[in-house]
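These notes are about the structure you will find just below.
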Amino acid sequence: MDHTFVSAFILLLLVLDPFGSLPIFIAVMRRVAPQRRRRVALREVLLAFGVLLGFMFAGQGFLRLMHLSERSLEVAGGVILLMIAIRMIFAHGESIYASEDDREPFIFPLAVPLMAGPSAMATVLLLASRQPDRMVEWVAALTVVMVVSGAVLLSADRIRHLLGDSVVSAVEKLMGLVLTAISVEMILAGLKRYFFD
């Protein structure tokens, strides 16, 4: 399944799911001093961006090192996305990432795995390995998605108060439904390439 800049942007936005991450983000940041929240949020977004950018550029080397084919990566990435999508649709209650202590989050859980989780890593790796000649577009799509995600997370409290918890939850479930279709398409495309190419 070949992608364009727009489809890559939409896919990455769905995978990172900034609206779905709002409850987790709010729960974790509640224990951070109000004057530090903006700086911590920006730092975590930049760390996540660095991790995903690293996976994007090291993707081909990683595949060769592990003796993995693009087909297996496509199927595995689709399975991971499907699991994430199902969690988005049927998730209830408090997140496992909500910590009870007062430590300021650093890398875990906001940067990794909330933003740069296994599904996001697999997605950028797949984009780079399938169409390495369009790397500039993938970097641009990832950059725009991280800017959008950062803006959403920085406005977390405002968005939650404006829309309400029920609307935020409905948006997450809608994104999960779309991501389910994308993940199934990835699995089918990988299987088709394995059996018929």
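Structural remarks
- The chain, helix-only ellipticity at 222 nm - DSSP H runs n ≥ 4, -39,500 (n - 2.57), divided by all residues, nearest 500: -25500 deg cm²/dmol
- Cα convex hull volume per residue for the chain (Å³): 113 Å³
- Table column - 3J(HN,Hα) (Hz), the stretch 169-177, Karplus curve with 6.51, -1.76, 1.60, x for Gly and Pro: 5, 5, 5, 4, 5, 5, 4, x, 5
- In a reduced charge model with +1 at each Lys and Arg Cβ and -1 at each Asp and Glu Cβ, the stretch 5-196 shows a dipole moment near 220 debye about its Cα centre.
- Highest average packing first - 129-138, 158-167, 16-25, 3-12, Cβ atoms within 10 Å: 16-25, 3-12, 129-138, 158-167
- By average C-beta atoms within 10 angstrom, highest first, the peptides 184-192, 139-147: 139-147, 184-192
Bear in mind that the values in this text are calculations on the coordinates, not laboratory data. Note that the structure is predicted; figures quoted are calculated from it, not measured. Backbone-built Cβ (ideal geometry, glycine too); neighbour counts: all protein chains shown.
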